[in-house]
Amino acid sequence: MSWTGRSCVLAVHKEKGDDTMNISVSMGLGRASLALGAALASTVLCTTLSAAAPGPGGVSGAAGTDSVARAVDESACPVVYFDLGETLVHTADDGSIAYQYGAASYLRALRERHIRVGLITNVPPSWGMTDAERAARLKKEVDSAWKDSAPFAWKDFAGRILTPRTEAERKPAPALWQRARAESGHCRLVFQAETAEEVEVAASLGYVPYQVGQPHRPAFLPVGVVQILGHRSY
């Protein structure tokens, strides 16, 4: 299954972190320091004032100007949503699944800073009647093929795993991003994925997007930048 939006260009060097789905539905990080985050902040924040627009070779992070108003409780913001396959996890040729390189350390860094995370990912609607049921089936499928030394951090995503209720809601249709925004109050939303098309759709819906795994830039949006984004008005 597939899981994936747009932005201002980040002229920085990539810093990598940790480890390495494609489980018939599809799933791809690098650890960037707070110092790097601070250096990138002014560049990334300019995306909150510009509309999403395609760029050569992918995207790096832009947001629409018609999104949500300033966060009421900024301490609870932002919320970082991810695609799953080939963004946070990778499926090897033998069918085994493990963290994408750097994903474990990146999720840990977000957790340590109390930044909430979620998944926006395609799975068969037949996997359950509710998001919770479909998420439980997704967890079962991933865990059954998991080969990493550390288990996937499912607890970090509790209650924030959005999956299509019908075939019409499958990404790149906007439904899952719209549902995530409706459930996130006034928090600024970030979406990170490996697919340019999904990153662009997220950007058009007011998310701060970041295409992961691009050369010559951090594998994931630096944690320091994410923190700053949570304290900026739209």
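Please treat every number below as a calculation from the coordinates, not as lab data. All figures in this text were calculated on a predicted structure; none of them were measured in a lab.
In whole percent, what relative contact order does segment 129-193 give with Cα contacts below 8 Å and a gap of six or more residues?
32 percent
Taking every Cα atom in segment 164-234, find the radius of gyration and the maximum pairwise distance Dmax, and write them in Å.
12.9, 38
Tabulate in residue order the Karplus-calculated ³J(HN,Hα) for segment 132-148, using 6.51 cos²θ - 1.76 cosθ + 1.60 with θ = phi - 60°, rounded to whole Hz; enter x for Gly and Pro.
Along segment 132-148, the couplings run 5, 5, 5, 5, 5, 5, 4, 4, 4, 5, 5, 4, 5, 10, 6, 10, 6 Hz.
Can you tell me the Rg and the Dmax, both Å, for the Cα atoms in segment 114-156?
11.6, 33
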